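The block underneath contains the structure these notes are about, expressed in structure tokens.
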Amino acid sequence: MSGQTFIDTLKQKFGEKIVGDHLEVIDPWIEVTPEALVEVCQYLKTDPGLQFNQLQCISGVDYLETDPKKAKKIDWQPHTEVVYHLWSIPNKTSLVVKVILPRWKNDEEGQLPEVPSVADVWRTADWHEREVFDLSGVHFTGHPDLRRILCPEDWVGYPLRKDYEMPLEYHGIRGR
Amino acid sequence: MATVDDPRIIEFDVRTDEMLINMGPQHPSTHGVLRLVLQTDGEIVSRTTPHLGYLHRCAEKIGENLTPRQWIPYTDRMDYLAGMNMNLGWSITVEKLLNHELSEKAKHLRVIIAELGRVASHLVGMGAYGLDLGTFSPFLYAFREREKILDLFEEVCGARLTYSYITPGGATADLPAGWLQKCEGFLEQLLPVITEYHTLLTTNAIFVGRTAGIGVMSPEMVIDYGCTGPVLRGSGVSHDLRRDGEERVTDMYDGYAFEVICEQEGHYPNDHDYPAVPSKAVLGDCWHRFYVRMLEVIQSIDLCRQAMDRYSTASGDYGIPVKLTQKLPKGEVYLESECPRGQMGFYLVSDGTSIPWRARARSSCFCNLSVTEALCVDVPLADVPAIIGSLDVVMGEIDR
């Protein structure tokens with residue numbers, strides 16, 4: 001299936017839920033609304049023509065320019081992306097699905113943005129979502145056991161956010 | 001148990017509580033610093049909870065502050081038993097973003113190095129698995145041979161563990177003069193040694209008893225959990241990125257004669273003298289995962305030989321590394337390559353400067369380890385190291 005026909009079928013099926021598609025880049029990606037994510041993923045995994053049965057990776061990417069000089073030149077608004085890399089073992093094809101979220105829910109600092117968990121679609125998502133939660137600060141609703149995975153449980157902050165600051169002290173250990 | 005009230009009366013109704021056992025983070029059979037909290041009912045483990053992060057070194061955060069070539073030494077320290085393969089994975093990801101084409105010679109050089117790295121890594125995997133199951137000697141045999149590979153690597157790049165040899169654009173140096181002969185001599189003597197290993201472990205009755213039929217995973221389960229590499233192929237899924245991956249990975253192995261090691265229709269690709277599968281072994285158990293690794297050693301020796309033939313006649317140079325502060329085009333790429341322990345993926349987001357906006361490493365062991373919660377349930381305590389060992393995890397890669 002060529003890229004464009006795939007996008008057309010997808011848009012026909014899900015309509016407005018597919019927000020955008022970018023086929024001209026190196027790794028083509030589609031953008032999905034957070035509400036429709038599970039539904040779209042379930043379709044991508046089970047459709048006999050697509051069979052994206054392997055979830056390779058979930059990454060959180062934070063977009064915020066902390067340098068005020070550079071911030072004037074950029075052409076995007078601060079946001080957080082959750083990127084899903086899918087692979088189909090039978091078809092040997094890949095697809096990137098993105099969900100674009102505000103950096104904070106309702107723009108209230110400290111309120112994590114929310115996206116539904118796909119742990120029921122692919123079990124791989126379980127630990128990957130915990131990692132994204134831990135490092136990038138995205139809350140996955142409906143996740144079976146969402147807690148920090150790499151950082152200690154009592155760690156404060158989300159290290160892969162661009163405005164993260166190293167704590168100066170952790171249990172008597174000096175940070176700097 | 002006698003009661004306090006009347007010591008003569010024996011209480012037959014002995015109550016036992018479930019016990020929590022903390023295994024690790026310094027337990028030798030957890031391959032690094034993995035901590036498992038086991039809930040046990042007598043000898044039977046009823047629940048396993050892995051706790052990670054004891055080796056977390058913020059590699060991804062560091063990657064946001066360094067140029068791709070400067071980040072190469074950090075990839076070495078991810079899977080520190082296969083540093084060359086980690087370098088390779090990151091290098092081809094950067095090359096994919098730069099749209100950089102390599103010469104034939106550079107590609108063959110990479111195959112030689114990557115396959116030798118795979119042999120070294122699988123040898124440690126084999127030796128350490130023996131240790132997990134209580135036999136010490138295979139470990140010494142394995143390290144004896146691995147030492148020779150490290151000597152070869154040392155001659156190539158000066159380092160024995162953290163190589164930083166393969167870089168975006170090619171490699172830091174060409175193979176030294178006379179190296180190919182030494183390498184060929186080593187492979188020549190390694191092949192018969194593998195038969196010894198099969199006698200030591202693969203067909204050893206105790207080893208078979210400890211691993212056959214233990215920790216069985218169905219093909220659906222391994223795919224669902226995102227397991228890759230020998231764990232995936234040990235369950236009978238024929239998928240190897242060297243054959244099935246993206247063009248940049250398969251291109252390196254273009255024209256090479258090799259078959260994916262995986263049981264199909266009850267047998268393995270049979271052009272070598274493999275020991276037979278024991279009758280107790282079930283497809284997808286610990287024994288099969290180990291077996292796939294052992295067969296891959298032979299396969300890698302074969303691939304390495306083919307690559308050496310091609311390298312000596314290939315045209316072009318060994319590849320000139322890109323500039324240390326090479327400007328990256330705006331965009332993002334994701335690429336997985338077949339590393340000894342599974343598919344290692346790197347995700348690189350660039351905003352057009354020389355330093356990546358985001359560098360993400362997808363660890364194969366991270367996904368492979370996630371099955372322990374499902375596998376180490378209702379198994380005897382002694383099977384837990386057998387299952388973890390068969391996944392052959394390296395914590396440096398999981399925690400990054």
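Read the figures in this text as sums done on the coordinates, not as results from a lab. If you're wondering where the values come from, they're calculated on a predicted model, not measured in any experiment. Note that we place each Cβ from the backbone using ideal geometry, even for glycine, and neighbour counts take in every protein chain shown.
May I ask for the net charge around A:Val19, where only other residues with Cβ less than 10 Å from the Cβ of A:Val19 are counted and Lys, Arg are +1 while Asp, Glu are -1?
Working: positive: A:Lys17, A:Lys98; negative: A:Glu16, A:Asp21, A:Glu31.
Counting the neighbours of A:Val19, the net charge comes to -1.
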> Cα axis of helix A:37-46 to longest principal axis of chain A: angle in degrees, 0 to 90, nearest 10?
Replying inline: 50 degrees
>> Can you tell me the mean projection area, over all orientations, of the convex hull of the protein assembly as shown's alpha carbons? Units nm², please.
In response: 31.6 nm²
> If one takes the longest principal axis of the Cα atoms in chain B, at what angle in degrees, from 0 to 90 and to the nearest 10, does the Cα axis of helix B:83-98 lie?
Replying inline: 50 degrees
>> Connecting C-alpha atoms closer than 10 Å in a GNM of chain B, tell me which of B:Met78, B:Met308, B:Met126 has the biggest fluctuation.
In response: B:Met308
> Cα centroid distance between the stretch A:40-67 and the stretch A:88-139, in Å?
Replying inline: 8 Å
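Net charge around A:Trp155, counting only other residues with Cβ within less than 15 Å of its Cβ (Lys, Arg = +1; Asp, Glu = -1)? Display every interim value, and only then the final one.
On the way: positive: A:Arg130, A:Arg147, A:Arg148, A:Arg161, B:Arg57, B:Lys61; negative: A:Glu131, A:Asp134, A:Glu153, A:Asp154, A:Glu165, A:Glu169, B:Asp399.
Around A:Trp155, the surrounding residues sum to -1.
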> Of the residues B:Ser312, B:Ser364, B:Ser337, which exhibits the maximal mean-square fluctuation in a Gaussian network model of chain B defined by a 10 Å Cα contact cut-off?
Replying inline: B:Ser312
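At 222 nm, what value in deg cm²/dmol follows for chain A if DSSP H runs of at least 4 each add -39500 (n - 2.57) and the sum is divided by all its residues, to the nearest 500? Provide the component values of the computation, followed by the final result.
Working: 4 runs with 38 residues, N = 176.
Per the formula, -6000 deg cm²/dmol.
Express the C-alpha Rg of the stretch B:119-221 as a ratio against the empirical globular expectation 2.2 N^0.38 Å, rounded to two decimals.
Working: Rg = 17.2 Å, N = 103, 2.2 N^0.38 = 12.8 Å.
That ratio works out to 1.34.
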>> Under the rule a/c < 1.5 gives rounded, and otherwise a/b versus b/c splits prolate from oblate, where does the stretch B:46-120 land using the Cα gyration tensor?
In response: oblate
> Is any residue of the stretch A:159-175 close enough, with backbone N under 20 Å, to a label point placed 7 angstrom from the Cα of A:Glu153 along the Cα-Cβ axis, and if so, which?
Replying inline: A:159, A:170-173
> How far is helix B:104-132 tilted, in degrees, relative to the longest principal axis of the Cα atoms in chain B, given as a value from 0 to 90 rounded to the nearest 10?
Replying inline: 10 degrees
>> Which of rounded, prolate or oblate describes the stretch B:248-346 when judged by the alpha-carbon gyration tensor and an a/c cut-off of 1.5?
In response: oblate
> Local charge sum around A:Asp134 (other residues, Cβ-Cβ under 11 Å, Lys/Arg +1, Asp/Glu -1)?
Replying inline: 0
>> Need one number: nm distance between label points at B:Ile9 and A:Glu114, each 7 Å from Cα along Cα→Cβ, rounded to one decimal.
In response: 5.8 nm
> Using the alpha-carbon centroid of each, what span in Å lies between the stretch B:61-123 and the stretch B:153-175?
Replying inline: 10 Å
> Once you put a point 7 Å from the Cα of B:Ser238 and another 7 Å from the Cα of B:Leu381, both along the Cβ direction, what distance in nm separates them?
Replying inline: 4.4 nm
> What order, most packed first, do the peptides B:34-40, A:95-101 have when packing is the mean number of other Cβ atoms within 10 Å of each residue?
Replying inline: A:95-101, B:34-40
>> Using helices alone, I'd like the mean residue ellipticity at 222 nm for chain B: each DSSP H run of four-plus residues gives -39500 (n - 2.57), total over residue count, nearest 500.
In response: -13500 deg cm²/dmol
> Taking the stretch A:1-92, which chymotrypsin sites (Phe, Trp or Tyr not before Pro) meet the DSSP loop condition and have no more than 11 other C-beta atoms within 10 Å?
Replying inline: A:Trp76
> Where does each of B:Ser137, A:Ser117 land when they are ranked from fewest to most other beta-carbon atoms within 10 angstrom?
Replying inline: B:Ser137, A:Ser117
> By counting other Cβ atoms within 10 Å of each Cβ, how are B:Val297, B:Val216 ranked from fewest to most?
Replying inline: B:Val216, B:Val297
>> At q = 0.22, 0.29 Å⁻¹, what log₁₀ I(q)/I(0) does the stretch B:297-353 have when each alpha carbon counts as one equal point scatterer in the Debye sum?
In response: -0.99, -1.07
> Per 20 Å bin, what percent of the C-alpha pairs of chain B does each bin hold, from zero upward?
Replying inline: 27, 55, 14, 3, 0
>> For A:Glu16, B:Glu397, which order do you get if you count the other beta carbons within 10 Å of each Cβ and list the fewest first?
In response: A:Glu16, B:Glu397
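Tell me, what is the percent relative contact order of chain B, built from C-alpha pairs under 8 Å that lie six or more residues apart?
On the way: 768 pairs, mean separation 107.7, N = 400.
That works out to 27 percent.
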> Using a ≥ b ≥ c from the Cα gyration tensor of the stretch B:273-400 (square roots of the eigenvalues), is it rounded, prolate or oblate, where a/c under 1.5 gives rounded and otherwise the larger of a/b and b/c decides, a/b for prolate?
Replying inline: oblate
> How high is the FRET efficiency between A:Lys11 and B:Glu247 when r is their beta carbon distance and R₀ equals 25 Å, given to the nearest 0.05?
Replying inline: 0.35
> Expressed in nm², what is the orientationally averaged projection area of the convex hull enclosing the Cα positions of the stretch A:28-176?
Replying inline: 10.6 nm²
> Please identify the chymotrypsin sites (Phe, Trp or Tyr not before Pro) of the stretch B:76-149 that satisfy two criteria: DSSP loop assignment and at most 10 other Cβ atoms within 10 Å. Which are they?
Replying inline: B:Phe136
